[in-house]
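Notes to accompany the following structure.
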Amino acid sequence: MSLQILEIFEPGETPLPHAEAPGIAVGIDLGTTNSLVALSRDAKPEVLRDAAGRGMLPSVVAYDAARPPQVGEEARRVLLDEPERVVSSVKRLMGRGARDIKALAGRLPYEIEPDAAERMIRLKVAGKSLTPVEVSADILRALKARAETSLAREVTRAVITVPAYFDDAARTATRDAARLAGLEVLRLVNEPTAAALAYGLDRGAEGLYAVYDLGGGTFDISVLRLEKGVFQVLATGGDAALGGDDFDHLIAQQFLRQREEDGGGGDLSVGEAKQALLTARIAKECLTEHTDGEWMLEVGGRQSRHRLDIAGFEALIAPLVARTITTAKAVLADAGLAPGEVKGVVLVGGSTRVPLVRREVAALFGRAPLADIDPDEVVALGAALQAEALTGGGDTLLLDVTPLSLGIETMGGLVEKVIARNTAIPAARAQEFTTYQDGQTAMMIHVVQGERELVAQNRSLARFELQGIPPMVAGAARIRVTFAVDADGLLTVSAEERTTGLSQAVVVKPSYGLDEEEMIAMLRTAMENAGEDMVLRLLTEARVEAERVLLALDAALKADAGLLAAPELATIERRMALLRQAMAAEDRHAITAALEALDQATQDFAARRMDHGIRQALKGVALDRLASRLEAEDPS
Amino acid sequence: MAQAAMHVTEAAAERVKALLAKRGKPCAGIRVGIRTVGCSGLSYTLEYAEEKGRFDEVVEDKGVTVLIDPKAVMFLLGTTMDWTEDKTKQGFIFVNPNEKGRCGCGESFHV
Amino acid sequence: MSLDRVISGETAAGQRPCWSCQAPLSVRAAFCHACGRIQPPAALDHFRRLNLAPRFDLPTADLEQQYFGLQRSLHPDRFAGKSSREKALSLQHATALNEAYDVLRQPLRRGEYLLELRGRPLNGADGGTIDDEELLTQAMAMRERLADAAGEAEVLALIASAEADAAAILAEIEGAFAQEDLASAARLLTRLRYLAKLTAEARARVAGAGSGVQA
């Protein structure tokens with residue numbers, strides 16, 4: 001290499017010895033409530049949007065026995081009328097078992113298959129049996145398709161973000177989902193780290209920063225040092241089951257309690273549980289900007305009204321917010337820092353819009369938090385930057401840590417930690433164990449993740465048996481167990497009997513994961529689907545979307561045509577006719593163009609209906625009905 | 001770092017100055033980068049630098065400013081940039097005085 | 001410097017061929033000079049791994065410069081598009097660098113490691129007997145203070161005083177290593193270890209009290 005003879009070229013004009021087109025890779029924020037896909041070029045990340053300019057794709061999937069799943073806004077609309085065929089917040093189920101799900105008034109917002117508790121959960125939706133991995137794969141497919149439409153090229157590689165506090169099972173589940181969706185995961189990046197990357201590169205931040213990330217279903221807090229392009233995570237912590245969804249839950253519970261006190265008890269159906277949570281969410285979002293409001297629930301055909309003001313809301317969620325603050329303090333202590341040493345606090349995640357959250361974070365750090373990059377987008381932007389760095393080469397360096405300690409079960413149900421939390425990854429550690437009985441020839445190795453002393457209090461990741469240990473007296477065998485965590489935070493465990501050299505390597509397939517057979521079957525189905533003619537599929541999708549818009553608009557006009565002046569109405573009707581014409585033909589682009597034209601013509605109309613609707617709502621109209629009106633469904 | 005990451009020979013410095021003068025645009029110096037090449041591994045790149053990159057290592061030697069891309073620093077530490085010229089070819093080369101019996105880049109990572 | 005060589009076990013003849021192009025390389029070469037491909041990490045002690053002289057008074061800036069500099073080139077993020085062999089080698093390098101950095105950045109572990117390199121390992125954390133009277137008295141007194149501490153303020157004060165003691169001991173350890181007085185270094189490191197344990201326990205108590213608030 002030292003004998004290479006060089007010329008000086010103009011910036012960026014050094015000829016490529018092999019003109020390979022550098023492959024692109026996108027960054028994906030696979031969120032509990034919303035997901036985004038972004039692409040970075042020349043260190044300028046951008047969220048990829050749909051034809052209507054929307055960056056966020058609701059992480060909601062509607063299933064139908066006959067049709068392919070609908071993802072995003074469409075699915076969210078279905079949630080209002082046919083909640084039983086819709087899955088939302090599936091991220092909370094990634095790598096989880098049945099007993100991890102939270103019930104609302106004794107009713108889960110999912111129909112789950114009665115199955116062994118030690119397995120990945122399966123949801124019963126529209127006659128199908130689906131794992132969270134498959135549902136997530138459907139969301140990822142929609143994001144992939146969005147990216148491909150937006151970039152007009154195939155997209156097969158991605159950086160996907162996960163909560164820093166995700167355990168090994170949830171990380172593996174995320175990787176599996178990507179595989180099903182036909183995406184190669186270049187790296188799983190922790191969400192707060194991705195956010196820091198976007199902030200650091202965009203704002204030139206240097207020094208110690210905390211990232212407080214409260215999303216729909218997960219909470220993370222990370223402390224990082226940013227210096228000369230190095231993003232070094234010093235400590236991280238969080239709660240993989242705490243987020244804005246839990247705020248909704250508390251509100252819904254309160255409403256249901258009030259009903260009961262008024263003698264309006266009664267069992268919820270799964271659909272009603274979902275709708276109650278949706279109403280609660282609308283209430284929460286409303287209370288971010290207004291001081292109070294009234295909402296309506298309908299259970300078993302009986303309606304009830306519920307008032308909530310901001311003080312009441314804050315009293316409900318205060319214990320949860322306090323929990324995040326306690327975690328934040330613990331993480332600072334782990335990093336050996338006092339809150340005052342942190343130079344800036346970055347807010348990430350939609351739930352950081354809640355005023356109480358902002359106040360508490362500001363109080364802890366003694367400074368106003370930064371939220372000047374959209375908290376909904378910052379993670380996807382960071383993921384895109386990392387995707388670019390991984391494919392095109394970059395100067396930045398992300399050094400992350402393990403969020404949770406990894407250990408193995410020893411005598412008496414105790415945990416022996418092998419890799420401590422906040423160890424920089426990749427990491428590998430070995431520990432020696434021995435036999436405890438004379439002539440023992442096999443040893444069970446039980447891998448657990450968590451901070452508690454007892455095995456039962458931690459998450460069980462995997463069990464495997466090291467066999468063929470030569471019979472020896474108790475304590476003579478020397479079994480060396482090596483834990484290796486890679487740059488994605490995924491664990492591999494291997495064991496070796498040192499006196500004989502007998503060894504076994506085991507890739508940890510989490511207890512709540514999919515086994516290889518299930519995975520292969522799912523991949524085969526996915527391949528068959530992908531085998532369909534792509535053009536045909538896109539054409540079908542465009543028609544379906546157009547059909548949906550036309551139906552919705554018809555309903556809206558029937559209800560509120562009075563809000564339009566005659567010429568406006570004429571324009572809309574003309575464009576609707578044009579769209580119907582395009583739909584009859586075979587050109588997807590013509591449909592999209594006609595749809596866009598119609599969308600433009602109806603924007604004012606939509607805004608007026610929205611205003612009108614909100615005025616109604618604040619007068620006390622049932623919000624769930626309002627929501628359906630806003631979604632332009634026929635209320636009758 | 002007290003010691004400069006790399007050095008520039010008189011011949012190379014003369015050449016750089018001449019090229020910069022010929023180019024006639026304001027210039028922060030020249031930038032040395034490193035690039036991965038499909039089948040042949042790594043190669044250096046040399047470009048005029050309009051401005052200093054945020055993480056560039058700056059070396060000033062013999063009146064020329066050399067900006068080193070952070071990815072390249074590790075490969076260039078302790079090297080000397082020279083100019084070579086014969087009947088058939090001419091150009092810049094990086095000479096690595098630490099290379100003992102062609103034994104590699106890890107060896108040259110001294111600070 | 002000759003001492004370093006002895007410690008790392010490096011021999012002048014340490015050469016091996018590049019796994020990809022067979023060019024002869026130093027066993028320590030991280031990259032092949034001929035084809036540019038990443039090489040397996042050599043068996044090196046933590047100081048050598050980071051190209052640092054084995055010393056206790058290691059400036060943090062030097063440590064970080066070496067660690068970050070090497071990770072910049074060797075971290076798996078730099079090999080995302082490469083062959084699985086190259087990815088695996090980069091993973092091994094990055095793992096070894098993290099381990100070295102983790103040990104060397106903490107004065108206590110760095111000191112213990114130095115003693116190990118010098119062939120004088122300290123006893124295991126809990127094994128071995130302590131014959132340092134002063135340490136025993138001090139440790140017992142502090143443990144009592146921690147047990148009796150009534151409020152968070154008292155615990156915090158205890159932490160502060162333990163940290164001040166630790167800083168003083170660190171300075172002494174530097175002196176001991178500078179004079180190659182390994183016996184003193186070992187004695188002082190044992191003290192430091194006790195102080196660290198106590199501080200950790202005290203911290204856990206403060207954190208535990210904090211999380212109890214909304215339980």
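The values are calculated or read from the model by the stated rules, or taken from the named source; none is laboratory data. Nothing here was measured: the structure is a model prediction, and the numbers come from that model. Note: ideal-geometry Cβ built from the backbone for every residue, glycine included; neighbour counts use all protein chains shown. Note: areas computed on protein heavy atoms with side chains; ligands, DNA, RNA excluded. Shrake-Rupley method; radii C 1.70, N 1.55, O 1.52, S 1.80 Å.
Details
- Every listed requirement among (1) under 21 Å from A:P68 (Cα atoms); (2) touching a residue at least 24 places away in the same chain (Cβ under 8 Å) is met by A:L551 save one, (2).
- Search result, residues across region C:98-118 that are within 11 Å of chain A (Cβ to nearest Cβ), free of Cβ contacts under 8 Å to residues at least 40 places away in the same chain and outside any loop (DSSP other than H, G, I, E, B): C:N98, C:D102
- Residue count for region A:43-66 under the criterion of being more than 18 Å from the chain's Cα centre (by Cα), without any contact (Cβ under 8 Å) to a residue 24 or more places away in the chain and either assigned to a loop (DSSP other than H, G, I, E, B) or under 18 Å from A:V135 (Cβ atoms) (or both): the result is 2.
- Residues in region C:168-182 that are out of contact with any Asp or Glu (no Cβ under 8 Å at 6 or more places or on another chain) and aliphatic (A, V, I, L, M): C:A168, C:I169, C:L170, C:A171, C:I173, C:A176, C:L182.
- For region C:56-88, filtered to residues that are away from chain A (no Cβ under 13 Å) and either buried (at least 21 other Cβ atoms within 10 Å of the Cβ) or charged (D, E, K, R) (or both), the residue that is nearest to C:L114 (Cα to Cα) is C:D57.
Quick grid of which residues meet (1) assigned by TED's automatic domain parsing to the domain that holds A:S40; (2) surrounded by fewer than 17 Cβ atoms within 10 Å (Cβ to Cβ):
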position: A:G392; (1), (2): yes, yes
position: A:M411; (1), (2): no, yes
position: A:V415; (1), (2): no, no
position: A:R421; (1), (2): no, no
position: A:I425; (1), (2): no, no
position: A:R429; (1), (2): no, no
position: A:Y436; (1), (2): no, yes
position: A:G439; (1), (2): no, yes
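- Residues of region B:43-60 that turn out to be farther than 17 Å from C:S73 by Cα and either crowded, with 18+ Cβ neighbours inside 10 Å or at the interface with chain A (Cβ under 10 Å from one of its Cβ atoms) (or both), as a count: 9
- In region A:468-500, of all residues being within 14 Å of another protein chain (Cβ to nearest Cβ) and part of a loop (DSSP other than H, G, I, E, B), the one that is most open to solvent (accessible area, probe 1.4 Å) corresponds to A:D486.
- Among the residues here, A:L579 qualifies as modelled with pLDDT of 80 or more, outside the structural domain of A:A283 (by TED's automatic domain parsing) and surrounded by 13 or more Cβ atoms within 10 Å (Cβ to Cβ).
- Filter result for C:A139 (part of a helix (DSSP H, G or I) and modelled with pLDDT of 80 or more): no
- Helices (runs of 4 or more DSSP H) wholly inside region A:129-203 that include at least 1 residues being within 14 Å of chain C (Cβ to nearest Cβ) and among the small types (G, A, S): A:191-203
- On inspection, A:L268 fails the criterion of being within 17 Å of A:A322 (Cα to Cα) and assigned to a loop (DSSP other than H, G, I, E, B).
- Taking the criterion of being surrounded by fewer than 24 Cβ atoms within 10 Å (Cβ to Cβ) and farther than 16 Å from A:V189 by Cβ, the only residue of region A:156-175 that qualifies is A:T156.
Let's see how each residue does on (1) open to solvent by 30 Å² or more (accessible area, probe 1.4 Å); (2) part of a helix (DSSP H, G or I):
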residue	(1), (2)
A:E294	yes, no
A:E298	yes, no
A:R323	yes, yes
A:L332	no, yes
A:S351	no, yes
A:R358	yes, yes
A:A389	no, yes
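- Residues (touching a helix residue (DSSP H, G or I) at 6+ places or on another chain (Cβ under 7 Å) and open to solvent by less than 30 Å² (accessible area, probe 1.4 Å)) located in region A:334-346: A:V342, A:V345, A:V346
- Note on region C:143-165: residues that are under 26 Å from the mean Cα position of the chain (by Cα), under 18 Å from C:A204 (Cα atoms) and touching a residue at least 12 places away in the same chain (Cβ under 8 Å) total 4.
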